[in-house]
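Presented below is the structure to which this report refers.
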Amino acid sequence: MPKEFPGEKLLIKVTDDLADFLPYLVLVGGWVPYIYARYIWKNVPNMAVTTGDIDFGVGAQDFDGKDTIASRVQKLGYGERHVSMDRPFPFVPVVKNAAGDLKAEVEFITDPEIPRKLVNKIVGREIKINEIQHFRLLLDSIITVKMNSKDIRIPTESMFAFHKLLTFVDRENKEKLRKDLYYVYYMLRFSPKKEQLSDDVVGLIKKQKEGKQVKANLKEYFSSVDSKGPLFVEQENGPDAYINNVRQDAFDKFGGIRQRVEA
């Protein structure tokens, strides 16, 4: 099992604090490969790059709790990053450890097609809600993993990879774009069922209507070993003790999927 990343203590604190809401939330973003590596896979030789933020997806579920996430984090004394300096709302919760030397923003994401009133019943109107196109794909394809005695819902391996391949091109921040591609590379490289994962991703590309866009993204970024995609993965991966040519390996993995969907 990989060693614990220091930021995981904050993730555990948040899941403990929001335990009542976990059945309505899906952990997404850069923590997903980490959770797979640490709690699901076996004998993974290195660790996924993680993000400083803790991101949760919120779907169209009926919630009748008296509390909201906003009121809960305010009662617990979470920090707040205000979207507008002259207004108290909306804000992004900020979790900190007891010493105050570790902190992370806790963000909430939904799909534009999900009624905001349903999301607000869970999260509260006070917290900033981000909207991402096609996000419902992640919310509708999940598994449950136990972390620190809590049941955490995360996207399936194949849908996580498919959604990243669909949306990474929308990133305005190139660093986040590179991380998205690296997360997919990490999954394709270290999943114990990597061949099945590739098969499943190919199946999703052929089955889902969004697959046409994924196919175009792969063609643009992974048409050759010197394309942007393999270069970005190499840059994000850094020196590797196990593979001499990460760029070639990335091209082989992504390019193999591209060739299969174009055949």
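Just so it is clear, none of the values below were taken in a lab; they were calculated from the coordinates. What you are looking at is a predicted structure, and each value in this text was computed from that prediction instead of being measured. Every residue, glycine as well, gets a Cβ built from its backbone with ideal geometry; the counts of neighbours run over all protein chains shown.
Summary table below
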| read-out | value |
| --- | --- |
| Beta bridge orientation in the chain: antiparallel %, DSSP, nearest 5 | 70 |
| Positive-end residue of Ile205, Ile154, Gly124, charge dipole of the chain with Cβ unit charges | Ile205 |
| Residues of type aspartates and glutamates that Lys219 reaches as a straight line, Cα spacing below 15 Å, ignoring anything fewer than 8 places off in the same chain | Glu210, Asp252, Glu262 |
| Choice from Ala19, Ala250, Ala99 with maximal GNM fluctuation in the chain (Cα, 10 Å cutoff) | Ala99 |
| In Å, descending, principal axis extents of the Cα set of the chain | 53, 39, 36 |
| Angle between the chain longest axis and helix 211-221 axis [Cα atoms, degrees, rounded to 10] | 60 |
| Over 20 Å between alpha carbons, listed pairs Lys174/Lys206; Lys215/Lys253; Lys103/Lys174 | Lys174/Lys206; Lys103/Lys174 |
| Most fluctuating residue given options Phe160, Phe135, Phe89, as computed from a GNM of the chain linking Cα atoms under 10 Å | Phe89 |
| Among Leu102, Leu11, Asn245 the positive-end extreme of the charge dipole of the chain (Cβ point charges) | Asn245 |
| Dipole axis of the chain (+1 Lys, Arg; -1 Asp, Glu on Cβ), positive-most option in Gln133, Tyr24, Ala216 | Ala216 |
| Cα gyration tensor shape for segment 28-183, rounded if a/c is under 1.5, else prolate or oblate | rounded |
| GNM result for the chain, Cα springs below 10 Å: residue of Val201, Val123, Val145 fluctuating most strongly | Val145 |
| Point-charge dipole on Cβ atoms (K/R +1, D/E -1) for the chain, about Cα centre, debye to 20 | 220 |
| Estimated FRET transfer efficiency (Asp199, Asn130; beta-carbon r; R0 25 Å; 0.05) | 0.20 |
| For Ser198, net neighbour charge (Lys/Arg +1, Asp/Glu -1) across residues whose Cβ lies under 9 Å away | 0 |
| CD proxy at 222 nm, helix term only [per DSSP H run n ≥ 4: -39500 (n - 2.57); per residue of the chain; nearest 500] | -13000 deg cm²/dmol |
| All aspartates and glutamates inside 19 Å of Lys96 as judged from Cα atoms, apart from same-chain residues fewer than 8 positions distant | Glu4, Glu8, Asp16, Asp17, Asp53, Asp55, Glu80, Glu105, Glu107 |
| Neighbourhood net charge (12 Å Cβ-Cβ; Lys/Arg +1, Asp/Glu -1) for Met159 | -1 |
| Cα-based reach from Lys146 at 21 Å (exclusive), listing lysines while leaving out same-chain residues under 8 positions away | Lys3, Lys9, Lys13, Lys42, Lys193 |
